[in-house]
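J.: The structure under discussion is supplied below as C-alpha cells; questions concerning it will follow.
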Amino acid sequence: MGPLTCGAVSTTVCLPLSVTTALVVAVAAAALLLAKMLPGVLKLASGTRVQFLADKLAFEVKKREGTQKALDVAHAALERRVLERTAEFALQNQQLQAQIIEHHRVEAALRESERILSSARRLALSNAGFDKQKIFTDLLTLLAENHPFPTSAIYRNDRRTGDFKCIAAHGMPHEGMSSFHFPAGLLSRLAESGEITAVACTDRSGATCQALMDDPVGADGAKSLVQTLLVPVMYQNQCMSMLVVAGTQPFGPADIAFIESLRVQLGVAQHNLRLYADSKRLAQELHTKNIEIAEKNLQLQDISRTKSEFVANMSHELRTPLNAVLGFTGTLLMRLPGPLTADQDKQLRTIQSSARHLLSLINDLLDVEKIESGKVDIHLEPIVLQTAIHDVLDTLQPLATQKKLTLVYQLPPADITILTDRRALQQILLNLLNNAIKFTDEGHVAVRLSRRHTGAFGTVELTVADTGIGIAADRQSELFQAFTQLDATSTRRFEGTGLGLYLSQRLAIMVGGQLRCKSEYGQGSEFTLALPVQRS
C-alpha cells in the first residue's frame with residue numbers, strides 16, 4: 001500500500017490514493033448522467049419547487065425586516081434610556097456639586113461664627129465689669145486678632161463741647177493715642193451725617209491715610225496700610241463716638257457689613273455704659289442725700305420731742321388758769337356773790353366766751369399733737385348711734401337756739417349699734433355740728449342716720465347738712481388740711497383754728513371710717529361720716 005493523502009483539512013480520515021481516484025471517476029460519471037436528466041427534472045419541479053423557495057425567501061425577508069424593525073425600536077428605546085440616565089446623572093452631579101459647595105459655605109460660616117462668638121464671649125467678659133477703658137481696649141484687640149483691622153482707635157464725643165478725644169487705640173505706628181491726625185471739623189461732619197466713610201491710602205494729598213497718620217507703615221515695618229474707615233457710632237440718631245479702623249488691604253462688602261453691625265452693637269453698649277455711669281453717679285448722690293436726710297430726721301426727731309414736751313407743759317400751764325377763769329366767771333354770772341349790772345354781765349360773758357375759745361384751741365392743739373405722734377388710743381366698744389347723736393344735739397342746742405336755728409334729725413326707730421371709739425365719734429359729731437351752726441345764719445341744721453347693706457359688712461352713714469354759706473368748688477380740696485381757714489382775711493366773720501375738719505378726718509380714718517363733703521356755694525354744705533358695721 002502506497003502513501004496516504006489527506007483530501008481535506010476538515011476530515012479526520014485519510015484514504016489511499018487509488019481509492020480517491022476511483023471516487024472522483026464515479027462522481028464525474030454521475031454528474032454526466034445528471035446533466036442529461038436535469039432538463040426534464042427541472043421542468044417537472046419548476047412549477048412547485050421554485051414557488052416554494054420564493055415564498056420561503058419572501059417569508060424570511062419579511063421576518064428579517066420585522067426583526068430589524070424590532071431591533072430599531074429597541075435600539076431607539078435604549079438610546080432614549082441612555083440619554084435619560086445621562087441627564088439624571090448630570091442633574092445628580094450638579095446637585096452633589098451644589099451640596100458640596102453649600103457644605104463648604106456652611107463650614108466656613110460656622111468657622112466664622114465660632115470665631116465671632118469667641119470674640120463676643122471675650123468682649124462680654126470685659127463688659128461684665130463695666131470698665132469702659134478695658135472694654136474699648138479689648139474690642140480693638142479683637143478687631144486686630146480676628147479681622148483685617150490691625151490699626152484702630154476710638155474717639156469719644158463730648159456731649160457738652162462736641163469735641164472728639166481719643167480714649168483707646170491699637171496697633172498705632174507710634175507711641176501715644178494721637179497718631180491719627182484729622183482735618184479740622186471732619187469728625188464733626190461725619191457725626192452729623194452718621195455715614196461710614198472710606199479713605200484710600202494712595203497718596204499724601206487730601207484726607208488720605210498718609211495725611212491721617214504720622215507714618216502709614218506699621219511699627220514693625222510690616223505691610224503699609226491701604227485703607228481707613230471712619231465709623232460714626234450712633235444711638236438713636238446721636239453720635240456716641242467715632243471708630244477708626246485701618247487695614248493693609250481694601251475692605252470688601254463683608255468687612256463693611258461687619259463694621260455696620262459692629263457699630264450698632266457698640267452704640268448700644270456705649271449707651272448702656274453711659275446709663276450705668278449716670279445711675280452710679282445718681283446712686284452716689286442719692287446715698288449722700290440719704291445720709292443728709294437721716295441726719296435731718298434725727299434733728300427733726302429732737303425738735304419734735306422738744307415741741308411735744310413744750311406743748312404738753314404749756315397746755316398744762318394754760319389750762320389751769322383758764323379753768324380757774326371759767327370757774328370764777330361762772331360763779332359771778334350765777335350772781336352768787338351778789339347782783340350784777342348789765343355792763344358787768346356783758347363783760348363777764350365776753351370773758352367766758354374768750355376763755356372757752358382759748359381752751360378749745362388748746363384742746364385742738366393737744367389732739368393734733370397726739371394724733372401726729374401716734375399717741376391716740378382707740379378703744380372699741382358697742383355704741384348706740386341714736387344715743388350718741390342725741391347727746392351731742394343736747395350739748396349744742398343752746399348754741400343753735402342763740403342763733404335762732406332749728407336742729408332737725410331723722411333717725412331710724414330701731415337702734416343701730418356699732419363697735420367704735422366713743423370719744424372719737426363724739427368729737428367728730430361735735431366738730432361737724434359746731435361748724436354747721438357756726439356757718440349758718442338762718443334756716444336749719446339737719447342730722448340724718450341711714451344704713452347700707454353691702455357684703456358681709458354694711459355701712460352706716462351719719463350726715464350733717466346745713467343751709468349756710470356753702471363752700472366754693474375750687475376751695476373744697478383744702479377742707480381737710482390743718483390750720484386752713486376758708487376765710488383767712490383780716491376781716492373774716494367766723495372764728496376758728498382751722499383744725500376741726502382736719503381732726504375729724506384723721507379720727508374717722510383711725511376708727512375705719514371715711515369723711516366726705518358735698519357743697520355748693522351759697523346753698524349750704526353736707527358732710528357725711530361713713531362707718532363700717534358688721535351685719536347681724
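The values are calculated or read from the model by the stated rules, or taken from the named source; none is laboratory data. In this text the structure is predicted, and so the values were computed from the model without any measurement. Cβ coordinates were reconstructed from backbone atoms using ideal geometry, including for glycine residues, and neighbour counts include every protein chain displayed.
J.: Being aliphatic (A, V, I, L, M) and touching an Asp or Glu at 6+ places or on another chain (Cβ under 7 Å) is the filter here; which residues of the stretch 288-315 pass it? Reasoning before the result, please.
T.: Initially, the stretch 288-315 is screened for residues aliphatic (A, V, I, L, M), giving 291, 293-294, 298, 300, 303, 311-312, 314.
Listed by number, the list holds a single entry, VAL311.
J.: Hey, among LEU262, LEU326, LEU298, LEU365, which residue is within 30 Å of ALA168 (Cβ to Cβ), out of contact with any Gly (no Cβ under 6 Å at 6 or more places or on another chain) and not assigned by TED's automatic domain parsing to the domain that holds ALA168?
T.: Of LEU262, LEU326, LEU298, LEU365, the one residue that is within 30 Å of ALA168 (Cβ to Cβ), out of contact with any Gly (no Cβ under 6 Å at 6 or more places or on another chain) and not assigned by TED's automatic domain parsing to the domain that holds ALA168 is LEU262.
J.: Still on this structure, please answer the following. Scan the stretch 393-422 and report the pairs whose first residue is touching a residue at least 60 places away in the same chain (Cβ under 8 Å) and whose second residue is surrounded by 12 or more Cβ atoms within 10 Å (Cβ to Cβ) and part of a loop (DSSP other than H, G, I, E, B), with Cβ atoms within less than 7 Å and a gap of 6+ or a chain change.
T.: Qualifying pairs under 7 Å: LEU419/LEU380; THR420/LEU380; THR420/VAL511; ASP421/ILE378; ASP421/LEU380; ASP421/VAL511.
J.: What are the residues in the stretch 282-328 that are more than 45 Å from the chain's Cα centre (by Cα) and among the polar types (S, T, N, Q), if any?
T.: Scanning the stretch 282-328 gives THR306, SER308, ASN313, SER315, THR320, ASN323.
J.: What pairs come out if I take residues in the stretch 269-288 that are in the same structural domain as ARG156 (by TED's automatic domain parsing) and within 12 Å of ASP131 (Cα to Cα) and pair them with residues that are at pLDDT 90 or above and of a type in the set (S, T, N, Q) whose C-beta lies under 7 Å away, six or more apart or interchain?
T.: Pairs that qualify, where the first residue is in the same structural domain as ARG156 (by TED's automatic domain parsing) and within 12 Å of ASP131 (Cα to Cα) and the partner is at pLDDT 90 or above and of a type in the set (S, T, N, Q): there are none.
J.: Here's a follow-up. Please find, among ILE362, ILE378, ILE383, the residue that is loosely packed, with under 13 Cβ neighbours inside 10 Å, under 28 Å from LEU429 (Cβ atoms) and of a type in the set (A, V, I, L, M). First the steps, then the outcome.
T.: Numbers: ILE362 fails: loosely packed, with under 13 Cβ neighbours inside 10 Å; ILE383 fails: loosely packed, with under 13 Cβ neighbours inside 10 Å.
The conditions single out ILE378.
J.: Name the residue that is farthest from the chain's Cα centre (by Cα), counting only residues in the stretch 446-478 that are modelled with pLDDT under 80 and in a loop (DSSP other than H, G, I, E, B).
T.: HIS453
J.: For the stretch 358-380, what are the residues that are within 49 Å of the chain's Cα centre (by Cα), touching a residue at least 60 places away in the same chain (Cβ under 8 Å) and assigned to a helix (DSSP H, G or I)?
T.: Answer for the stretch 358-380, where residues must be within 49 Å of the chain's Cα centre (by Cα), touching a residue at least 60 places away in the same chain (Cβ under 8 Å) and assigned to a helix (DSSP H, G or I): ASP367, VAL368, GLU369, ILE371.
J.: Restricting to the stretch 127-180, and then to whatever is β-branched (Val, Ile, Thr) and closer than 21 Å to LEU273 by Cα, can you tell me which residue is modelled with the lowest pLDDT?
T.: Applying the filter and picking the extreme gives THR161.
J.: From the list GLU292, GLU309, GLU317, which one is at pLDDT 85 or above and of a type in the set (Asp, Glu)?
T.: GLU292
J.: Residues that are farther than 22 Å from LEU515 by Cα, surrounded by 14 or more Cβ atoms within 10 Å (Cβ to Cβ) and of a type in the set (Val, Ile, Thr): does the stretch 335-358 have at least one?
T.: Within the stretch 335-358 (the criterion being farther than 22 Å from LEU515 by Cα, surrounded by 14 or more Cβ atoms within 10 Å (Cβ to Cβ) and of a type in the set (Val, Ile, Thr)), the answer is yes, since at least one residue qualifies.
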